[in-house]
Amino acid sequence: MTDPTAAEQPSEPPPSTPTPTPTPAAPTYHLYPRREPFEHGLLPIPKLIFSDGAQTLSQLKSSILSSNSTHRLTPETLAPFIQLSVEHARLLIETISSVLHDDSDPLVKAGAPKEIDEIGVNVFDLLIFLYIQSYKRLLPKGHKDSAAVADVWPSTSAFDGFLSALSPLQLVRSNSRRFMPSQADEEAHQLSYLQKHMANILSLLADSTEGGDDDSLVLSVDKFEHLGFLIYFGEKGSAKISLSQNAPFFANSDPDMPAAPVPASQILDWLLQNISSTLEHIADRVSLKESGPSSSPDPDVQMADVGTGSLKPSVSHRGPSFIEGISKSSYVKQASDLKGTSVKVVNCHESVIYILAPLRYATIYGCSDATIVIGAVGKAIRVEHCERVHLITAARRICIANCRECVFFLGVNQQPLIVGDNHKLQVAPFNTYYSQLEEHMSQVGVDPNINRWDEPVALGLLDPHDSLSHPAGVSDVQAESASRVDPDQFTNFVIPNWLEIENAGPTKDNPFPLPDAYLASQQKNIKSLAEVKQILRETQLEENRKRELSSALHACFKDWLYASGNIRQLYCLQGE
């Protein structure tokens with residue numbers, strides 16, 4: 001204990017005693033999993049999931065390296081090695097490009113299918129990607145009153161009895177994210193998986209010296225950097241730091257004279273030590289949060305509200321921005337409102353949500369009866385467990401899983417991927433714009449000249465990456481695909497000008513060209529509207545007839561607002 005009288009003593013030391021120079025504390029960095037491969041990089045293709053992953057992939061590595069000097073595989077050269085069709089091999093490579101960690105890799109910048117086919121994937125990124133296909137996702141906790149919500153979720157689902165905890169109507173009743181895995185839960189789950197499998201993953205990257213046994217395996221610095229596909233160093237409030245900069249055996253390595261290869265066993269020990277340290281750090285953080293008062297604020301930084309919501313949104317500097325619990329209201333986010341380049345929209349209902357920003361990743365989870373506009377997504381967007389949601393987005397890639405009666409207005413550079421238990425999905429061309437849209441698309445690499453909205457690919461009905469027991473006989477059943485919106489039912493979605501509180505941009509129209517049938521329908525509607533206006537102006541009616549006509553038009557308009565779901569947008573229009 002410090003003597004309380006010490007505070008009253010002069011703080012200046014005697015002249016004979018040198019003043020000590022304080023040593024700044026070195027920053028502490030923890031080894032975190034990259035969420036992107038686990039959230040956007042898993043494909044429910046049975047042939048990609050190996051029961052003996054290390055052995056099978058080791059043989060695959062030997063076969064590829066012995067016949068391929070470039071260490072890159074195109075869809076045509078990859079397909080025979082893993083016994084997939086060329087189309088599925090291309091899907092695999094496109095998926096890797098969307099979650100790749102190294103932005104300098106030419107595959108990341110490849111947009112058109114022809115470019116992806118020509119460039120191909122690095123064999124070591126491929127091996128890591130194939131290995132983690134064995135990963136099982138962390139399931140939400142069961143709902144305490146699951147029987148009470150059983151009657152509101154359709155009973156035709158193959159998930160009945162297994163996945164009821166994930167229905168959006170249950171989420172709105174729980175009105176809480178405590179039944180969903182937290183960011184810390186997911187990170188700990190992913191780290192535990194890597195802790196268990198890191199030795200096998202390192203063996204796929206390592207080279208063998210004389211002897212050929214496990215003790216002879218070594219890793220060069222370039223092979224070591226491929227682990228950046230899965231892990232990185234960082235902490236809340238800091239940027240991601242590459243692995244080799246933090247590895248004592250590769251730090252400050254000269255690119256012209258790279259460090260000598262290091263025994264894989266030494267790297268494994270170092271990685272496992274860092275993973276254990278991070279797991280302890282996460283456990284301590286969670287324990288501290290749970291032991292604190294129930295009214296304690298979320299440690300994440302709050303996002304400012306535009307509109308009203310039932311739960312506060314939050315953002316972690318290291319993780320995605322969360323927009324959650326918005327109900328019966330309108331909500332807007334601009335680029336300056338977001339910290340980072342990833343967004344998760346969770347548990348939002350009967351609302352219109354605008355995210356007018358350039359993003360790398362986006363996730364829509366557990367939402368219902370909502371219209372969601374997401375400006376530009378350069379890597380991937382995932383929509384999961386949603387019901388009666390209208391999503392409008394310009395994105396490089398989209399994956400739709402376990403959704404019902406949703407409509408997707410898409411400007412996408414790759415084929416939409418549909419997986420899981422879906423019912424009555426519809427797709428349509430992109431149908432809106434805001435003044436900065438083209439600028440945002442350019443920033444994240446979405447090409448308006450490529451739109452594959454009407455080429456959905458449906459994979460398995462059940463996702464083998466979910467940690468649940470699947471009913472027998474349905475694992476190979478193909479997922480239900482999506483139908484096209486009838487051109488006669490296609491309408492433009494108008495984003496109110498007053499929402500654009502940031503500097504206006506040059507976009508004056510939909511940047512994606514409309515297909516002929518939808519363009520013709522749009523022009524027909526515009527022409528019909530002009531004709532109706534002209535007729536109304538020229539029609540001579542008595543005052544009581546005018547009132548009757550006006551009442552009839554308002555009634556029809558009101559019916560259309562409710563039937564189309566556009567009633568919620570009036571919350572925004574009221575602000576004009």
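The values are calculated or read from the model by the stated rules, or taken from the named source; none is laboratory data. Here the structure is a predicted model, which means the values were calculated and not measured. So basically every Cβ, Gly included, is an ideal-geometry build from the backbone, and we count neighbours across all protein chains shown. Note: accessible area is taken over every heavy atom of the protein model, side chains too, but ligands, DNA and RNA are not part of it. Shrake-Rupley method; radii C 1.70, N 1.55, O 1.52, S 1.80 Å.
Data overview
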quantity	calculated
Projected label distance in nm at SER442 and SER242, using a 7 Å step from Cα toward the beta-carbon	2.9
Protection proxy ranking, peptides 104-112, 58-66, 378-386, average beta carbon neighbours within 10 Å, highest first	378-386, 104-112, 58-66
Calculated FRET efficiency for the pair LYS47/ILE535, C-beta based, R₀ 51 Å, to 0.05	0.25
Cα Rg, Dmax (largest Cα-Cα span) when computed across region 328-484, Å	15.3, 51
Compactness relative to 2.2 N^0.38 Å, alpha carbon Rg of region 377-423	1.04
Extended-chain gain in nm, criterion 0.36 nm per residue less alpha-carbon gap, ALA504 and SER550	12.9 nm
Modelled FRET efficiency - R0 45 Å, ARG285 with ASP486, Cβ distances, 0.05 increments	0.30
Cα-Cα over 30 Å, subset of LYS344/LYS527; LYS223/LYS333; LYS240/LYS344; LYS47/LYS339; LYS109/LYS524	LYS344/LYS527; LYS223/LYS333; LYS47/LYS339; LYS109/LYS524
Extended-chain gain in nm, criterion 0.36 nm per residue less alpha-carbon gap, ASP185 and LYS527	117.6 nm
Three-way shape label, region 327-389, alpha-carbon gyration tensor, a/c 1.5	oblate
Solvent-accessible area per residue for region 323-456 (1.4 angstrom probe, square angstrom)	22
Fraction of alpha-carbon pairs over 16 Å apart in region 39-78 - percent	52
Three-way shape label, region 480-543, alpha-carbon gyration tensor, a/c 1.5	oblate
Label-to-label distance, nm, for residues given as GLU543 and GLN266 (7 Å Cα→Cβ offset)	9.7
Modelled FRET efficiency - R0 22 Å, THR209 with SER276, Cβ distances, 0.05 increments	0.20
